[in-house]
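Quick notes on the structure that follows.
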Amino acid sequence: PRPILLTRHGESKDNVRGRIGGDNPLSDTGEIYAKKLANFVEKRLKSERAASIWTSTLERAILTASPIVGFPKIQWRALDEIYVGVCDGMTYEEIKKNMPEEYESRMKDKLRYRYPRGESYLDVIQRLEPVIIELERQRAPVVVISHQAVLRALYAYFADRPLKEIPHIEMPLHTIIEIQMGVTGVQEKRYKLMD
Ligand code: G3H
């Protein structure tokens with residue numbers, strides 16, 4: 001059976017500043033992760049000639065993939081992070097202070113809450129459908145380098161987690177989740193490449 005490897009991009013400069021949304025490069029730590037990931041992928045998928053690397057179209061995901069050589073890379077807009085609309089570039093503290101009602105409604109129903117002029121988790125889940133269809137069709141391993149909200153949704157699909165849990169699934173940085181689909185069900189392994 002062929003594995004699917006899921007990982008968030010390496011830590012970005014906005015991750016360090018606690019800002020959501022945006023499109024910015026990696027922090028120094030994020031760059032170290034990108035190199036470690038490349039090492040891991042090159043070893044893990046050494047004899048897998050048909051393997052491919054799928055990223056979002058955002059800089060932090062593309063830069064995380066960039067040290068990986070020897071495999072084709074495909075960019076999917078559907079793998080971009082949840083679009084936070086008017087909250088783009090804000091910290092959660094700023095949202096709480098300046099838009100308390102928005103903050104509250106999101107707390108109450110994170111799955112359905114849609115950012116003004118942005119997306120909800122349900123929107124993200126819906127736009128992932130073509131990616132999931134294509135992932136199911138692949139015969140060879142795929143490495144997916146994407147973002148927290150998107151990976152929660154993808155992971156939930158493969159791990160068969162209920163919809164309402166999706167926005168709360170733990171999806172740490174600098175960790176690879178390897179999913180194997182076999183006849184007996186889905187197996188999962190985690191590789192934490194950095195502390
Ligand atoms: O910017 C989006 C975050 O990666 C998603 O995190 O849905 O837990 O706020 P959150």
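Coordinate-derived values only; no laboratory data. If you're wondering where the values come from, they're calculated on a predicted model, not measured in any experiment. Backbone-built Cβ (ideal geometry, glycine too); neighbour counts: all protein chains shown.
Sorting M107, M181, M90 on the 10 Å Cβ count, fewest up front, what's the list?
Lowest to highest Cβ neighbour count: M107, M181, M90.
Using a Gaussian network model of the chain whose springs link C-alpha atoms within less than 10 Å, name the residue from V124, V16, V144 with the highest mean-square fluctuation.
V16
What is the Cα centroid distance between the range 110-133 and the range 1-48, reported in whole angstrom?
Cα centroid to Cα centroid, the span is 22 Å.
May I ask you to list the chymotrypsin sites (Phe, Trp or Tyr not before Pro) in the range 33-119 that are in a DSSP loop and have at most 11 other Cβ atoms within 10 Å of their Cβ?
Sites meeting the loop and neighbour criteria: none at all.
Using a 7 Å offset from the Cα along the Cα-to-Cβ direction at both V16 and K164, what is the distance between the two label points in nm, to one decimal?
So the label points at V16 and K164 sit 4.0 nm apart.
What is the order of R60, R139, R161, fewest Cβ neighbours within 10 Å to most?
Ascending number of Cβ neighbours within 10 Å: R139, R161, R60.
Would you list V84, V186 from fewest to most Cβ contacts within 10 Å?
Numbers: V84 19, V186 13.
Listing V84, V186 from fewest to most nearby Cβ atoms yields V186, V84.
May I ask for the angle, rounded to the nearest 10°, between helix 148-159 and the longest principal axis of the chain, with both axes built from Cα atoms and the value confined to 0 to 90°?
50
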